[in-house]
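Working notes for the structure below.
The values are calculated or read from the model by the stated rules, or taken from the named source; none is laboratory data. Just so we're clear, the structure is a prediction, and the values are computed from it rather than from any experiment. Glycine gets a Cβ as well: all are built from the backbone with ideal geometry, and neighbour counts include every protein chain shown. The area values use the complete protein model at the heavy-atom level, side chains included, leaving out ligands, DNA and RNA. Shrake-Rupley method; radii C 1.70, N 1.55, O 1.52, S 1.80 Å.
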Amino acid sequence: MPQIFHPSANTLARASIFGGAFVALGAVLVTHLVIRSPYQTDVHVVKSQPVPFSHEHHVRGLGIDCRYCHTSVEESSFAGLPPTYTCMSCHSQIWTDSPMLAPVRESLALDRPLEWNRIHDVPDYTYFNHAIHVNKGVGCYSCHGRVDQMPLAWKEESMSMGWCLECHRNPEKHLRPKEEIYNLEWSVDNDQEAVKAFVQREAGSETLEFLASDEYVSQEELGQLLAAMYEVPTLGHNTPLTNCAVCHR
């Protein structure tokens, strides 16, 4: 029987098989990169807003507390957006004729709220509660980053399921004293003396062992103490925080 295919067909077949495998692997890799890219996650992407509100100016420059505008963050699942009259409590006196603030004045005159474009918006099938996080010692910084350094607000973290689970598995990395929840500049390194004093004052009634007062106290060590104080379960205590029903109800 005569040979139908040229001997080079064997080489072509092998190249096709290996080439197909590399193409499939490349497609998976590209898909993975797209899913994690700002195109999909919106991380560090500035969205247009009806008014170019600057957290850097209001928080860092003027020292306005987060709760002045986000009034329900300690008691509700939604942090809340300021009604127009909150903005006008200041801007009825300053920058009263600024063209940039014309939408705010119009909103007040027409009794129609400003339509802000949400930056942090978890899917509808995911339950998230601001109140439980801040009342358990999770600071604004952990999710929102240095908002006080943002001329225009952007999304600092992906808010993906994997990102949330990493925090739920190791919450001690993000816990801080409740009086520092809204202090975006706070860290154990920047306030080591106060952290040592806090540990000395609070650790006596706990069953945990901590460093001596003259040694460095790490975030993880402080977090362990705070987890016990605020009743936050950790992996060492068979944490229920990674249960699917916590977020998907």
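Please verify whether Cys87 is over 23 Å from Cys143 (Cβ atoms), surrounded by 11 or more Cβ atoms within 10 Å (Cβ to Cβ) and in contact with a helix residue (DSSP H, G or I) (Cβ under 8 Å, 6 or more places away or on another chain), treating the condition exactly as stated.
Judged against the criteria, Cys87 is a match.
Glu166 - would you say it is within 18 Å of Arg36 (Cα to Cα) and open to solvent by 70 Å² or more (accessible area, probe 1.4 Å)? Before the answer, list the steps.
Details: within 18 Å of Arg36 (Cα to Cα): yes; open to solvent by 70 Å² or more (accessible area, probe 1.4 Å): yes.
So Glu166 passes the test.
Does Tyr127 count as within 22 Å of Glu75 (Cβ to Cβ), in a loop (DSSP other than H, G, I, E, B), among the aromatic types (Phe, Trp, Tyr) and open to solvent by 40 Å² or more (accessible area, probe 1.4 Å)? Steps first, please.
Values: within 22 Å of Glu75 (Cβ to Cβ): yes; in a loop (DSSP other than H, G, I, E, B): yes; among the aromatic types (Phe, Trp, Tyr): yes; open to solvent by 40 Å² or more (accessible area, probe 1.4 Å): yes.
Yes; evaluated as a whole, the condition is true for this residue.
Anything in the range 91-113 that is open to solvent by 60 Å² or more (accessible area, probe 1.4 Å), under 15 Å from Val51 (Cα atoms) and either among the charged types (D, E, K, R) or not in a loop (DSSP other than H, G, I, E, B) (or both)? List them, or say none.
Of everything in the range 91-113, those that are open to solvent by 60 Å² or more (accessible area, probe 1.4 Å), under 15 Å from Val51 (Cα atoms) and either among the charged types (D, E, K, R) or not in a loop (DSSP other than H, G, I, E, B) (or both) turn out to be Asp97, Pro99, Met100, Arg105, Glu106, Leu108, Arg112.
Condition first: touching a residue at least 40 places away in the same chain (Cβ under 8 Å) and basic (Lys, Arg). Now tell me which residues in the range 150-201 satisfy that.
Those that are touching a residue at least 40 places away in the same chain (Cβ under 8 Å) and basic (Lys, Arg): Lys155, Arg169, Lys173, Arg176, Lys178.
Criterion first (hydrophobic (A, V, I, L, M, F, W, C), at pLDDT below 90 and loosely packed, with under 11 Cβ neighbours inside 10 Å) does Ala212 satisfy it?
Yes; evaluated as a whole, the condition is true for this residue.
Which pairs turn up if I take residues in the range 35-62 that are farther than 24 Å from Glu115 by Cβ and look for partners that are part of a helix (DSSP H, G or I) and of a type in the set (Asp, Glu) with beta carbon separation below 6 Å, at least 6 apart in sequence or on another chain?
Going by the 6 Å Cβ cut-off, the qualifying pairs are Arg60/Asp148.
Given (1) surrounded by fewer than 19 Cβ atoms within 10 Å (Cβ to Cβ); (2) within 30 Å of Thr84 (Cα to Cα); (3) modelled with pLDDT of 95 or more, identify the lone condition not met by Lys136.
Every listed condition holds for Lys136 apart from (2).
In the range 32-53, is there at least one residue being part of a helix (DSSP H, G or I), open to solvent by 50 Å² or more (accessible area, probe 1.4 Å) and at pLDDT 95 or above? Break it down into steps so the answer makes sense when it comes.
Going residue by residue through the range 32-53, those that are part of a helix (DSSP H, G or I) are 32-35, 38-41.
Now restrict to residues that are open to solvent by 50 Å² or more (accessible area, probe 1.4 Å): 32-35, 38-40.
Going one step further and asking which of them are at pLDDT 95 or above, we end up with none.
Checked the range 32-53: no residue is part of a helix (DSSP H, G or I), open to solvent by 50 Å² or more (accessible area, probe 1.4 Å) and at pLDDT 95 or above.
Working only within the range 196-209, note down all residues that are modelled with pLDDT under 80, open to solvent by 60 Å² or more (accessible area, probe 1.4 Å) and outside any loop (DSSP other than H, G, I, E, B).
Passing the criteria: Gly204, Ser205.
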